[in-house]
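Just so it is clear, none of the values below were taken in a lab; they were calculated from the coordinates. Bear in mind the structure is a predicted one, so any value in this text is a computation, not a measurement. Cβ atoms come from the backbone with ideal geometry, glycine included; neighbour counts cover every protein chain shown.
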Amino acid sequence: MHCATNNNRNNKKGIILSNYGMQQKQQKKLIDQALHFVVHTLYSPKSILHLVDQSCFLERVLLERQSPIMSNTVANGGQTELIIGDLYTVEKEIGRGTFGRVYLARNRKTLQKVAIKELSLQMAHNAGELSFVEDECRLLKQMATDFHDNIIQLFDIVLEEHNGQPTLYMVFEYCENGSLESTYEELVDGLSEEQAHSYFVQIVDALDHLHKKHHIAHRDLQLQNICVTNDKKIKICDFGLSTRFTPGKLTSNQYMGSAMYLSPEVHKREWYVGPELDVWSAGVCLYKMLTGYMPFRGADRIMTGSFTVPLEEEECLSEDCRDLLANIFHPDPTKRFTIAQIKNHRWYRAAGASQ
């Protein structure tokens with residue numbers, strides 16, 4: 001991050017664009033398409049992002065920010081303070097992703113805590129995955145116009161220069177309790193069936209919204225990508241591998257996601273629609289929450305098509321829960337439960353699942 005003085009801080013609008021003109025021509029060419037997308041699509045004067053804080057729902061028209069704003073570092077009591085977009089003060093690093101860090105930061109105006117995901121466009125290009133960054137931005141922008149309480153909310157997007165490299169910062173709502181993966185790791189025998197039921201209902205409801213309202217398949221649903229708030233509300237996050245689909249049409253055979261969460265057709269490189277993958281992955285999440293184990297004890301069984309689910313070993317599960325899992329884990333996607341069938345199942349409809 002470059003250092004900024006008080007005299008030039010007010011002139012940061014549009015600096016990133018002129019600075020790019022002075023960078024290496026090769027680098028500019030590599031990411032020109034991504035920059036054009038970010039500046040002209042996400043930062044269109046007609047674009048609206050909905051911002052949410054703890055007390056109210058706000059709308060923010062991006063007419064005030066027709067171009068991205070540079071970040072800066074300033075001295076604060078002898079310590080260096082990182083400020084992103086002249087609005088978010090970074091407090092600490094809370095994680096690392098493929099193309100950058102994840103920060104806990106605070107909105108300088110509202111004092112609201114936020115999570116900021118850093119994406120190096122150069123690194124994404126070098127890995128041949130720049131298109132996934134663009135797709136994630138598009139999908140997040142689409143979802144921002146139609147909120148769901150169990151999907152992580154995008155607050156802002158800032159484009160800046162970091163060590164001479166173009167970097168995208170996505171600003172999200174912050175979930176205090178981290179991921180469900182962390183919650184599970186703190187337990188010995190998994191969650192109670194009642195608590196797992198509560199989480200699973202929220203997961204399925206969010207997937208139903210994604211599939212019906214937006215025709216978006218997550219394709220990387222796992223406990224690590226499901227966050228938890230202080231009031232036990234879950235938030236599905238990380239849409240880096242997500243894609244739009246056409247209902248009823250086989251549109252992809254891409255191998256996406258974490259191997260132990262993937263359905264048989266993905267491992268076999270068969271064509272799929274999208275929602276059926278999320279259903280399978282949701283079942284893996286439920287099974288692991290309940291038992292503390294993955295439902296398939298070895299990647300080799302998945303890769304060879306030996307999908308024997310050891311439900312008989314899990315005597316702690318109720319009969320209704322076992323029946324639901326068996327229908328979710330059908331290796332034939334045409335016979336696998338749909339979201340609608342899951343929501344109509346006895347275990348799902350129960351006010352509270354009991355053992």
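Annotation: amide H-H contacts under 5 Å for E91 (H modelled 1.01 Å from N, sequence separation of 5 or more, or interchain): L104, A105, R106.
Pairs exceeding 28 Å between alpha-carbon atoms, taken from K235/K268; K109/K235; K232/K335; K233/K343; K249/K288; K232/K268: K235/K268; K232/K335; K249/K288; K232/K268.
Footprinting exposure proxy ranking of R244, R349, R322, fewest other C-beta atoms within 10 angstrom first, gives R349, R244, R322.
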